Amino acid sequence: MYDYLIVGSGLFGAVFACEAKRAGKSTLVLERRNHVGGNVYCEEREGINIHKYGAHIFHTSDEDVWAYVNQFVAFNNFINSPMANYQGHLYNLPFNMNTFRELWDIVTPAQAKAIIDEQRQIIMGEPRNLEEQAISLVGTDIYTKLIKGYTEKQWGHSCTELPAFIIKRLPVRYTFDNNYFNDRYQGIPVGGYNRLIEALLDGIEVRTGVDFLKDRAAYQTMAKKIVYTGSIDEYFGYKLGQLEYRGLRFDTERLEEENHQGVAVVNYTEREIPYTRIIEHKHFEFGKQPITYITREYPINWHPGEEAYYPVNNESNQKLFQKYAALATQETKTIFGGRLAEYKYYDMDDVIKNALKCKRMDFNRINGVVSLLRSW
Ligand code: UDP
């Protein structure tokens, strides 16, 4: 009998497993895919780590999380400074003085502010959705060119039907600063993300290619406690209905050139281009190879059985999630944690933070959805 059976070897599962082992608990990790690491997994080709399930850039302001991950792997000094391509013109991201200068040929922050202040006047009162939030942050020009098309293709919903918080992730600055994140710490694990996952799972029994849900009764008898990191609605056989996720399709290409786009990430912000971004993987680790690999990222409608990427945290899905969360509290043997089990648009550092909180709370006494636990 194991102390813990951990379903899923992504960041939540791997951190939980590592901490359980450190606490002297016996642990078995089951992974449905044929590799560990969840969506941070990378595939090495010709010395370049391909971010197989989409680009991951680690960033955090949390000292404890930063110290934690640095125990396992060093991080390089990559800073994400993506570009936006709108109808063939390039603009800096996030929205900052460089973007404003490119759009309006202005010189000072006061000039940029005057333009944005005038454009944002059409929104009165508290923004009720992503469109209103975006216009009230950056005005109509930026909304139209750099936000509307990108957001609607990414999420498959009109900006008026999406929650405002999604756009609040992006900084708006009146300085010439192209760092996409405001966090104090940022980087990519030296040697790639697989190093981090391998170090977390070092010495832990892992079985890949195993689907817990297909034989759950048998697996449940194998451990005192289950840590489930898959989709919460799938766990309950979709019995209250399906939660909505956004899917992704990746189209990766090898190019006979050293440097294709000069930066790791270029967003394509117009609606007419079907992909949201092109990633050139070598730039995450400052690769000097004579060839390069790029990946076009296409958002797609998700169907059960496919990889779920983004939870669509709008009102109706949140209501359904709350019902599943109530069912989860009745599963006294099971902890539900991570992006899919908590149905949350999480960044990596928050996933790690929550897995570490489980440890501080004494894992044995908790069950239900991690982020909803009362004592937090
Ligand atoms: N976004 C946008 N234009 C961009 C980049 C982002 O409108 O060029 C908006 C969009 O609504 C997106 C949100 O900002 O869903 C968050 O973007 P982020 O880059 O954080 O998304 P992720 O990297 O998690 O896919």
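Numbers below:
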{"quantity": "Selection status of GLN154, among the polar types (S, T, N, Q) and either farther than 18 Å from ARG271 by Cβ or in contact with a Leu (Cβ under 7 Å, 6 or more places away or on another chain) (or both)", "calculated": "no"}
{"quantity": "Of the criteria (1) touching a residue at least 40 places away in the same chain (Cβ under 8 Å); (2) away from the ligand (no atom under 16 Å from the Cβ), which one SER26 fails", "calculated": "(1)"}
{"quantity": "Residue count, the stretch 178-188 (criterion: surrounded by 15 or more Cβ atoms within 10 Å (Cβ to Cβ), away from the ligand (no atom under 14 Å from the Cβ) and not aromatic (Phe, Trp, Tyr))", "calculated": "2"}
{"quantity": "All positions within the stretch 59-92 that are more than 15 Å from the ligand (Cβ to nearest atom) and either at pLDDT below 95 or not in a loop (DSSP other than H, G, I, E, B) (or both)", "calculated": "GLU63, ASP64, VAL65, TRP66, ALA67, TYR68, VAL69, ASN70, PHE75"}
{"quantity": "Failed criterion for GLY191 (all others in (1) under 26 Å from ASN70 (Cα atoms); (2) crowded, with 17+ Cβ neighbours inside 10 Å hold)", "calculated": "(2)"}
{"quantity": "Qualifying residue in the stretch 158-176 (condition: aliphatic (A, V, I, L, M), surrounded by fewer than 19 Cβ atoms within 10 Å (Cβ to Cβ) and under 21 Å from VAL40 (Cβ atoms))", "calculated": "no"}
{"quantity": "Boolean, ALA218 is among the hydrophobic types (A, V, I, L, M, F, W, C), over 30 Å from GLU244 (Cβ atoms) and either modelled with pLDDT under 95 or away from the ligand (no atom under 12 Å from the Cβ) (or both)", "calculated": "yes"}
{"quantity": "Residues within the stretch 116-154 that are aliphatic (A, V, I, L, M), away from the ligand (no atom under 14 Å from the Cβ) and surrounded by 17 or more Cβ atoms within 10 Å (Cβ to Cβ), tallied", "calculated": "2"}
{"quantity": "Verdict on GLY54 being part of a loop (DSSP other than H, G, I, E, B) and either of a type in the set (Phe, Trp, Tyr) or over 26 Å from the mean Cα position of the chain (by Cα) (or both)", "calculated": "no"}
{"quantity": "Residue ranges of helices (runs of 4 or more DSSP H) in the stretch 93-188 with at least 3 members free of Cβ contacts under 8 Å to residues at least 60 places away in the same chain", "calculated": "97-104, 109-120, 130-142"}
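Condition check ((1) within 30 Å of ASN92 (Cβ to Cβ); (2) in contact with a helix residue (DSSP H, G or I) (Cβ under 9 Å, 6 or more places away or on another chain)) across all residues:
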{"site": "TYR275", "(1), (2)": "yes, yes"}
{"site": "GLU280", "(1), (2)": "yes, no"}
{"site": "GLY305", "(1), (2)": "no, no"}
{"site": "LEU320", "(1), (2)": "no, yes"}
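The values are calculated or read from the model by the stated rules, or taken from the named source; none is laboratory data. What you see is a predicted model, and the numbers here were worked out from it, not measured in a lab. Every residue, glycine as well, gets a Cβ built from its backbone with ideal geometry; the counts of neighbours run over all protein chains shown.
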